[in-house]
Amino acid sequence: MFKKCFKGFRWFSFEVLQQFQALRFAVEEINRSLNLLPNTTLGFQVYDSCAGLHEEIDGTQKLLTGRESGIPNYSCQERSPVVAIIGHSVSSYSIQMAHVLGLYRYPQISHYSTSSILSDRVQFPSFFRTVPSDHFQSVGLAQLVLHFGWTWFGLVALNEDYGQQGIHVIRQELLKAGACVEFVEYLMIDRQDKNAPHIIKVIKESTAKVVLIFSTDPEMVPLLDEMLVQNVTGKIFVASEAWSTSNLLSDRKYSSLLSGSIGFSFHSSVIPNFKHFLNSIQPFSGPGKEWAKILWESTFDCQIYDREMSGESLRNFTKVCTGEEDLDSIQNRYNDVSSLRGAYNLYQAIYVIAKALHDLHMCKDGEGPFYNGGCSTLQLMKPWQLSHYIQKVHVRLSNGGEMFFDKNGDPPASYDIVNWKINGDGITEQVKVGSYDTTQTKGETFNTNTSAVIWPSGNELVPCSVCSSSCLPGFRQLVKRGRPVCCFQCVPCPQGEISNTTDSHECFKCPWDQWPNLQKDKCLDKEVEFLSYEEPLGAALTASSVFSSSIPSYILGLFFHHRKTPIVRANNFSLSILLLVSLCLCFLSSLAFIGYPQPEKCLLRQAAFGMSFAFCVSCILAKTAMVVFAFMATKPGSKLKKLTSPRVSLMIITMCTLFQFALCVLWVKFSPPFPEKNVQTQPGIIIVECNEGSPTAFWCMLGYLGLLATVSFVVAFLARRLPDSFNEAKFITFSMLAFLSVWISFIPAYLSARGKYTVAMEIFAIQSSSWALVICMFLPKSFILLFHPSMNSKDYLMGKNKG
């Protein structure tokens, strides 16, 4: 037999009667089944505890004792008159019952108790339930509010186990996800006003638009009444399952407050053929007929005839109930089976016990779960043996649903997400808008139709509840001093960093080859910079180099054509040819600095520049020396005439050039230049350049050129007034002065330039200094050769010198 400790009321409840009929329906359905406990009839007893804890404990002891009065630790029957107990609906009552029943491992299944304490298998070894633990609900509610993007909340909870434990888990989950709680307030059950005036004042003054209330519906009434008094509007309430489908709170006067609320309710389902069963009961016969009579009078506005009623009562009859009234003709909460919750949970509990009994009955000796593979029987079983089978049970119900328990006696956690809406008749309804099912894979536990949710504002747009507005990409959150982490200001990311998500806590640097866009919300490839042939500056310098190199080539041809004329011979034709060749190489060496810096190009370009200029300046030095030696050789008795030999000039050129060559070889061997991508000089730009390897070697090479030029300048300056018709000292002096001026100016310009302009500056110095030598050394002679051939005579040159 079954014992059901039913949740009692001192007033009539359609839901309670519906749950009682679900119990009857399940037992009768199982007794008719040919597959479940065939040839076995189940029965039940139902007691109403009138919502009293004392009555509940007394009834539990009566069951264990088997007598009219409960006697602790005493039983006068060989075996219990019932095999399992279903109850209670209130968690605190179930806890007290479970403490007693657990001592005997007596199976207890609750259809409504949700306290997470009951999952403790040490304290409650034989407790089961067909509703999820509040722990799952709390985690799910936290995920629900986070699902809508809310990060700023108020929490209100009942000041007892149900509220305190539930709100604790919710708060931990919210804080773990980075959300913030503005306030936590408790409904005091020991106070008549439930502390409602203070709580509503806090809610009204808070900036949080979302308030999550973890409470039962009766304790919510003073809270809502106080909200009407203080005229609180614009808040969104998130409901725990204890009041999310409450008929008590569906009163019209609360519709303006609760419309738009959203929350969890127990998973709803249907029971096939259950409505027909509900409408087939009679008020004068069958189990529960006293409750059926109350249903009849309440539904059909009539009164059941009672012989013990006084004459005065009879005169007050307006209508007498005949029992023939048709329940099919009415629609109320009793026969509304569209979304069964409590009744469905109770229906599952009956089937769980029946399936466990069936599994126990079908056990085969030697294959059983007990000692030496033993089994038990329906007649001789012990309570703990049935508890074992209930723990292992797996039931498939007639509506397709499944029920089983985890190691703590908890079923799979599944909830409906309901939204409070006002229908066309002005009645508040709780409409299912989604579900939360922990048996689904991660990421699919929520199934929410957000567009079907109606918020307090009346539209479908999800309201915002944040302490601070979201930071757009390109900004990061800076927490305000002394405030929760959700209260922040948005500051732009520093240079070189981005944030590509909303409400980013940190900015991060782009990869080395990327740079933030203007909005600082994405990294773009950095611009690659080098002196290219395609760009205007590179093209102009290339054209200038090619054109400039053609001028020495032309002058060389001009000199070769006039090689036997006095002005060419007077200027040492062989040295002039070498000088013109070196100048041509100097102009062309600048081309090595243009284009993408390849490894070979980096390795050789400075060496090519240094060698060509060393050759050029060595030729000028040789010319200067030849001028001095030629003048000194003209003195009577001079032995220096042999120094005017071409071999001497070639020796000077060779020695000076070889020293530069040795310097370049050492440079390339021990610290060779190489290409590199410079990301430090200019933010946002990758400068592809040649690293000189050894800056010391570079400046030594340049310094050596300066030394050669300085020696040539000094010697030429001292020899500028030598009385000789073939004296080139003046031209050499001016050319070296211009050469040194260019390269002295180049040093600070080179050091201050950045990127491709550093290369352009060196090219400009190469071409400027080369042009200075061309103009000073060869322009006057070329002018005479081309435009004044009459001046190209020995007599003119000698006369001019004399003059």
Log entry, pairs with first residue in the stretch 465-494 being farther than 17 Å from K522 by Cα and touching a residue at least 24 places away in the same chain (Cβ under 8 Å), second being of a type in the set (S, T, N, Q) and open to solvent by 70 Å² or more (accessible area, probe 1.4 Å), beta carbons closer than 6 Å, six or more apart or on different chains, reads S470/T502
Test set (1) part of a strand (DSSP E or B); (2) in contact with a His (Cβ under 7 Å, 6 or more places away or on another chain) - V169 fails condition number
(1)
Any chance the stretch 763-779 includes a residue that's open to solvent by 10 Å² or more (accessible area, probe 1.4 Å), farther than 20 Å from S612 by Cα and part of a helix (DSSP H, G or I)?
yes
If you take the residues in the stretch 664-695 that are of a type in the set (A, V, I, L, M) and open to solvent by less than 40 Å² (accessible area, probe 1.4 Å), which one is nearest to K601 (Cα to Cα)?
V688
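Out of the residues in the stretch 173-218 that are closer than 18 Å to I262 by Cα and open to solvent by 10 Å² or more (accessible area, probe 1.4 Å), which is modelled with the highest pLDDT? Please lay out each step first, then the result.
Pass one, the stretch 173-218, residues closer than 18 Å to I262 by Cα: 174, 203, 208-217.
Right, trim to open to solvent by 10 Å² or more (accessible area, probe 1.4 Å) and you get 209, 216-217.
On the way: K209: 93, T216: 87, D217: 88.
Filtering first and then ranking leaves K209.
Considering only the stretch 628-647, state which residues are among the β-branched types (V, I, T), in a helix (DSSP H, G or I) and either touching a Phe, Trp or Tyr at 6+ places or on another chain (Cβ under 7 Å) or at pLDDT below 60 (or both).
Restricting attention to the stretch 628-647, the residues satisfying the condition of being among the β-branched types (V, I, T) are 628, 634, 644.
In the following step, the residues that additionally are in a helix (DSSP H, G or I) were identified as 628, 644.
Across the stretch 628-647, the qualifying residue is only T644.
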Given (1) touching a Pro at 6+ places or on another chain (Cβ under 6 Å); (2) part of a helix (DSSP H, G or I), index of the condition V221 fails:
(1)
Residue in the stretch 202-215 that is over 25 Å from P463 (Cα atoms), of a type outside the set (K, R) and out of contact with any helix residue (DSSP H, G or I) (no Cβ under 9 Å at 6 or more places or on another chain) present
no
Hey, among F530, F560, F573, F587, which residue is among the aromatic types (F, W, Y) and more than 30 Å from P789 (Cβ to Cβ)?
F530
C363 being at pLDDT 90 or above, over 51 Å from the mean Cα position of the chain (by Cα), on the phi < 0 side of the Ramachandran plot and not aliphatic (A, V, I, L, M)
yes
Checked the stretch 318-374 for anything exposed (fewer than 13 other Cβ atoms within 10 Å of the Cβ) and either assigned to a helix (DSSP H, G or I) or of a type in the set (V, I, T) (or both); matches are T318, V320, D328, S329, I330, Y371, N372, G373
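Could you pull out every one of the strands (runs of 3 or more DSSP E) wholly within the stretch 414-472 that has 2 or more residues that are closer than 15 Å to Q143 by Cα and open to solvent by 80 Å² or more (accessible area, probe 1.4 Å)?
Details: elements: 414-422, 428-437, 446-448.
Where strands (runs of 3 or more DSSP E) fall fully within the stretch 414-472, none carries at least 2 residues being closer than 15 Å to Q143 by Cα and open to solvent by 80 Å² or more (accessible area, probe 1.4 Å).
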Taking the condition of being free of Cβ contacts under 8 Å to residues at least 60 places away in the same chain and either under 22 Å from F764 (Cα atoms) or surrounded by 20 or more Cβ atoms within 10 Å (Cβ to Cβ) (or both), how many residues in the stretch 577-599 meet it?
7
Select from the stretch 114-147 the residues that are at pLDDT below 90 and part of a loop (DSSP other than H, G, I, E, B) and write down the one among them that is surrounded by the fewest Cβ atoms within 10 Å (Cβ to Cβ).
S115
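The values are calculated or read from the model by the stated rules, or taken from the named source; none is laboratory data. These numbers were taken from a predicted model, which means no experiment stands behind them. A quick note on method: Cβ atoms are made from the backbone with ideal geometry, for glycine too, and the neighbour counts reach across all protein chains shown. SASA here: full protein model, heavy atoms, side chains in, ligands and nucleic acids out. Shrake-Rupley method; radii C 1.70, N 1.55, O 1.52, S 1.80 Å.
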